[in-house]
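Have a look at the structure below before the remarks.
The values are calculated or read from the model by the stated rules, or taken from the named source; none is laboratory data. As the structure is a computational prediction, the values presented were derived from the model and not from experiment. Cβ atoms come from the backbone with ideal geometry, glycine included; neighbour counts cover every protein chain shown. Accessible surface is based on the protein model in full, side chains and every heavy atom, while ligands, DNA and RNA are left aside. Shrake-Rupley method; radii C 1.70, N 1.55, O 1.52, S 1.80 Å.
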Amino acid sequence: MPERVRARGPGRVNLIGEHTDYNAGLALPFAIDRGVTVTAERLTGERVQAHALDAGEEDDFALAAPERAGGWRAFVRGTVAELTAAGYVLQPCRLTIEGDLEQGLGLSSSAALETALSLALLAVSGEDEPADRRDLARLCSRVENDWVGAETGLLDQLASLCSEPGHAVRIDFESLEIEPVPLALGDWTLVTQSSGATHSIAYSGYNDRRRECREACAQLGIASLREAAEADLEGLPPTLRRRARHVLTENARVDAMVAALRAGDLEQAGRLLDASHASLRDDYEASVPEVERTVGELKEAGAAGARMVGGGFGGAVVALLRPGAAVPAGALVVVPGSPAALV
Ligand code: GLA
């Protein structure tokens, strides 16, 4: 059994397909080269120690029975508890957490932390990771839902665990099929830019949208919006109709984006980003003034398209810059990187 291991979990950018994961829809994310690194060192005894280097904070809890805690500690304790509940025999260890991915940007620092923690804990305990990474994604998602208390879908965990360098992945959340799609940008550049509005305050907005989608399904008598066609939405009250329309049109935009990327038509890719943003703003009402301003600035800077990324209500904007356009100050160039792994 190793004395010391390191695992890295990447954040992600979702190129297109927003608020579709919890509607059994489609999305097209990719892992980025920013993320979280967890070093795990074996200890004697029966406890787990954790050190969040950037926050300068410590935790210490019983390996056999982690108790509830808030903030970053919920991720550590929840990952230990969920891995144990899944039958893995974990060993006492000291975890050191560090990262280069800011929180609250909508680039999924949470999934980066969950995936790095689970790979490090398994490896330092001499346990193999699950044969199917989708099972690990579900486990990480339980940490987020049941320990952190965020009712998120599977998008972020699947992107962090199942991406491929140089590719985006088309995820079908109904079948959980994952198809790599080459993200060949040539002289074009994908950037993200923070809107300045962090989105942690916005979880009520996110949860409201999930509730509205459930309500639309209940009224339509279907299990998920994947089963609906646009014509079916006419009987819904106006707000629910617009929410559902976003989901249906966004699914179609994911496949249109796959086709545009395969054809090398990046102007069309830009138009699809704009259309996604308009739908999120007008039908899904998930935008805020800071995000609108950031989208406008990126378009002025030469973006063929720009859209909010992640849960919305703040966070970051992703933009596709045409060749020759200068990267705006403060923007982060994002390239499709490697999935979570031991390093
Ligand atoms: C957040 C959630 C994801 C997904 C997106 C919206 O990032 O964590 O599960 O729902 O919002 O697409």
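At a glance:
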| quantity | calculated |
| --- | --- |
| Computed over segment 183-233, Kirkwood Rh from alpha-carbon pairs, angstrom | 14.5 |
| Integer Hz, Karplus 6.51/-1.76/1.60 couplings in order for segment 169-174, x for Gly and Pro | 10, 7, 9, 9, 7, 7 |
| Size of segment 241-306 as Cα extents on the principal axes (Å, biggest first) | 33, 32, 8 |
| Residue-by-residue Karplus 3J(HN,Hα) for segment 140-155, coefficients 6.51, -1.76, 1.60, Hz, glycine and proline x | 4, 5, 5, 4, 5, 6, 9, 10, 8, x, 10, 7, 8, x, 9, 3 |
| Residue 168 long-range amide H proximity, modeled H, under 5 Å | 181, 183 |
| Translational diffusion coefficient (Stokes-Einstein; Kirkwood radius from C-alpha pairs) of segment 288-335 at 10 °C, 1.306 mPa s, in µm²/s | 145 |
| Apportionment of accessible area to carbon and sulfur, the chain, percent (1.4 Å) | 48 |
| Accessible area per residue in Å² at 1.4 Å probe, computed on segment 1-118 | 37 |
| The chain - Debye-derived log10 I(q)/I(0), Cα point model, q = 0.13, 0.14, 0.15 Å⁻¹ | -0.95, -1.08, -1.21 |
| Using θ = phi - 60° and Karplus 6.51 cos²θ - 1.76 cosθ + 1.60, couplings along segment 36-42 (whole Hz; Gly, Pro as x) | 10, 10, 10, 9, 10, 10, 4 |
| Segment 1-75: C-alpha pair distances exceeding 18 Å, % | 60 |
| Probe 1.4 Å, protein heavy atoms only - accessible area per residue of segment 123-172 in square angstrom | 35 |
| Cut-off under 5 Å, modelled amide H: who pairs with residue 335 long-range | 33 |
| Cα pair distances of segment 99-153 binned at 5 Å [whole percent] | 4, 18, 26, 25, 18, 8, 1 |
| Highest-first arrangement of 60-68, 123-131, where packing means the average Cβ count within 10 Å | 123-131, 60-68 |
| Accessible area per residue in Å² at 1.4 Å probe, computed on segment 244-343 | 36 |
